[in-house]
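The values are calculated or read from the model by the stated rules, or taken from the named source; none is laboratory data. Being a predicted model, the structure only gives us computed values, none of them experimental. Backbone-built Cβ (ideal geometry, glycine too); neighbour counts: all protein chains shown. Heavy atoms of the whole protein, side chains included, go into the accessibility calculation; ligands, DNA and RNA do not. Shrake-Rupley method; radii C 1.70, N 1.55, O 1.52, S 1.80 Å.
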Amino acid sequence: MPKSVPCCSKTALVALVLAGCRAPGGAPTHAKSEETFSDSADTTAGSSSGEAEDVFDKEQPFWDAIWISADWNEYHPTLMDMAESADVVCVGNLSRVVPGKIYDSEDPNIFLSEANVEVNITESIRGGVTGGVTFSVLLTRAQTEEAFAMVLKEMNAAAPKHVLLALRKRPDFPDLYTPVNGYALWAKTKRDPYDNPLTPDSELESRVYADELLSIPSFEALIDVFRP
């Protein structure tokens, strides 16, 4: 059964979650405030009709549901450095989303949850894991048990294919992984031939790895950057 973590406030609870998933030596550079956490799902959901489909196509509900700050959980100066630090780097199809860890709180108005995302690996790049792998993510919009069930359903219906992932093994659940940081998931989307869908701004100049990305012509070339 998933562990429960008692806590008194959403901000403190999120801090514990990030600390629990952090790899040795990892240094988070940002932590979302309680207000940001509550409002984060609305930043893209409030777009005009059809805009989300133009940007992310049918996979948008999946990316909307995930809470990963861009610099969470570890900072790495280059993509290669991030790839070398990861326990698993692979390309795969996100096949199924199932309930993950539920965090206890003394405040009945606080509900914080995770989803476990199962991946069918199509290419193992680092770490030697083949077949499949499961990673966990915090959810932004699942702030009640009813919303939790609905978000999982939406994520399953929109699960992306052909995603590049850099994953870190979780210390608390040995069979689970978590993204190294918010730049550890890459996919092709309508807004970009190689996109970090967790980044709200698609402009290359705004990204941490701008210099590297400007020299990469395609998603396949991006995958090559993560190879040994």
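Quick notes
- If you sort the three axes of the alpha carbon gyration tensor as a ≥ b ≥ c, you get a/c of 1.5 or more for segment 131-188 and a/b no higher than b/c, which makes it oblate.
- A simple rule links phi to the HN-Hα coupling: the Karplus curve 6.51 cos²θ - 1.76 cosθ + 1.60 with θ = phi - 60°, which for segment 210-224 gives 4, 4, 5, 5, 5, 9, 9, x, 7, 4, 5, 5, 4, 4, 4 Hz, with x for Gly and Pro.
- Solvent accessible area, Å² - I102, 1.4 Å probe, full protein context: 60 Å²
- Probe 1.4 Å, all protein chains present, accessible-area order of F135, F173, largest first: F173, F135
- Largest to smallest accessible area among R170, R126, R141, R96 [probe 1.4 Å]: R96, R141, R126, R170
- If R0 equals 35 Å, the separation of the Cβ atoms of T78 and A147 corresponds to a calculated FRET efficiency of about 0.40.
- Order of exposure, largest accessible area first, which applies to F62, F148 with probe 1.4 Å: F148, F62
- S113 - accessible surface, heavy atoms, 1.4 Å probe, Å² rounded to 10: 0 Å²
- For segment 180-197, backbone phi angles converted through the Karplus equation (6.51, -1.76, 1.60; θ = phi - 60°) give residue-by-residue couplings of 4, 6, x, 9, 9, 10, 10, 7, 7, 9, 5, 7, 7, x, 9, 10, 9, x Hz, Gly and Pro being listed as x.
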